[in-house]
Amino acid sequence: MSTQKVAFITGANRGIGFETAKKLGKLGIFPVIGSRNEVSGKEAVDKLKADGIEADSIVFDVTNKADHAKAYDYFEDKFGKLDILVNNAGVSLEGDPVSSFSTGNPTTGVSEETLRGTLEANFFAQVFSTQVLLPLIRKSEAGRIVNVSSTLGSLNLHSDPTSQIYAIQMFAYNTSKTALNAFTVHLAYELRDTAIKVNSVHPGWVQTELGGSSAPLSPEDGAESSVRLATIPSDGPTGGFFYLDDIIPW
Ligand SMILES: NC(=O)c1ccc[n+]([C@@H]2O[C@H](COP(=O)([O-])OP(=O)(O)OC[C@H]3O[C@@H](n4cnc5c(N)ncnc54)[C@H](OP(=O)(O)O)[C@@H]3O)[C@@H](O)[C@H]2O)c1
């Protein structure tokens, strides 16, 4: 079994996921990029290599169960374990937060395609892929699972008229992240007597395809919360929801 730590970051061919892979690589962890497009995954690895970081990529569509099994085989054969899983891949089928103001995104008008498609990618697929990879994370001395969520998944903030996100009514996306947070809490409970820590993070509002061009943060800044929770020590938190060191209400 490899002594170097290995991390699997899903949706890491671009955006926050790519920067997360880069930062973990700079810490001496071997990042494996999950990309649903093979070429774009290889291009991301080339960029990391140009930065002096050894990395690899695998084809991984989080909604494709065959890819879950192939990912298991890859990590089992090559490393015999998985130390860090960053469930970063995600979609917003309702546009970015600013464009959602102009469309209104009425909750009563959400289409079945949008609601099911968003929940499939951002929730169901995250649960099932984590289930498949969990036996390998159990083989790590200090397994870490980071679910990349959003403050938009916070029911506390959404029900508070003074909250900055009160009016961001992307019902499908917001619900998918609320559900992902529930997975964090329940998985952390199940794993409470193991060395594995499971947390949700909010990356901040980040300028990516998903975050839109009005976002104030760079993808590099956006990766910081994922990296912190992916590398917390053995006395660190589990079952929490964080932006940097701040606790976010559920
Ligand atoms: N940007 C923000 O302000 C913000 C705020 C809160 C939370 N987040 C969360 O942060 C995470 C990363 O988002 P981002 O802003 O970096 O977005 P992004 O630049 O749009 O990147 C999304 C990534 O997810 C991948 N992806 C989408 N569907 C996938 C699937 N079915 N299987 C595998 N990969 C898939 C994309 O791959 P392709 O290149 O193939 O499309 C891409 O690599 C998401 O979970 C998002 O919800 C972002």
For this session: Express as a percent, rounded to the nearest 5, the fraction of DSSP beta bridges in the stretch 6-247 (both residues included) that run antiparallel.
Result: 10
For this session: Tell me the label-point distance for the pair SER2, SER213, using the 7 Å Cα-to-Cβ offset, in nm and rounded to one decimal.
Result: 3.9
Problem set entry | Neighbour net charge for THR114 - beta-carbon separation under 13 angstrom, K R +1, D E -1 | -3
For this session: Express the accessible area of the stretch 6-247 per residue in Å², computed with a 1.4 Å probe while the remaining protein chains stay in the model.
Result: 45
Seminar exercise, completed: The set of residues whose placed amide H lies less than 5 Å from the amide H of GLY239, leaving out same-chain residues fewer than 5 positions away, is VAL198, ASN199
For this session: Enter the angle in degrees (range 0 to 90, nearest 10) between the Cα long axis of helix 15-26 and the first principal axis of the Cα atoms of the chain, meaning the one along which they spread out most.
Result: 30
For this session: Using label points projected 7 Å from each Cα along Cα→Cβ, tell me how many nm separate ASP46 and SER159, to one decimal.
Result: 5.1
For this session: Take the alpha carbon atoms of the stretch 160-221, find their center, do the same for the stretch 89-139, and report the distance between the two centers in whole angstrom.
Result: 11
Problem set entry | the chain: angle of helix 171-190 to the longest principal axis, Cα-based, in degrees nearest 10 | 40
Problem set entry | Cβ-derived FRET efficiency at R0 30 Å, TYR189 paired with ALA167, nearest 0.05 | 0.35
For this session: Give the carbon-plus-sulfur fraction of the accessible surface of the chain in %, rounded to a whole number; probe 1.4 Å, heavy atoms of protein chains only.
Result: 53
Problem set entry | Expected 222 nm ellipticity per residue - DSSP helices of 4 or more, -39500 (n - 2.57), all of the chain, to 500 | -12000 deg cm²/dmol
Seminar exercise, completed: The answer for ARG144, listing residues at least 5 apart or on another chain whose modeled amide H is closer than 5 Å to its amide H, is ILE84, LEU85, LYS197
Exercise. In degrees from 0 to 90, rounded to the nearest 10, what is the angle of the helix 65-78 Cα long axis to the longest principal axis of the chain?
Worked result: 30
Exercise. Once amide H atoms are built 1.01 Å from N in the peptide plane, which residues 5 or more positions from SER57, or in another chain, come under 5 Å H to H?
Worked result: ILE33
For this session: Can you list which of the GluC sites (Glu not before Pro) found in the stretch 97-176 are DSSP loop residues with at most 14 other C-beta atoms within 10 Å?
Result: GLU141
Seminar exercise, completed: Cα gyration tensor of the chain diagonalised, 5x eigenvalues square-rooted, in angstrom largest first, produces semi-axes 28, 19, 17
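The values are calculated or read from the model by the stated rules, or taken from the named source; none is laboratory data. Computed from a predicted model, the values in this text were never measured in an experiment. No Cβ is skipped: glycine too gets one built from the backbone with ideal geometry, and neighbour counts run over all protein chains shown. Surface accessibility is based on the protein's heavy atoms, side chains included, excluding ligands, DNA and RNA. Shrake-Rupley method; radii C 1.70, N 1.55, O 1.52, S 1.80 Å.
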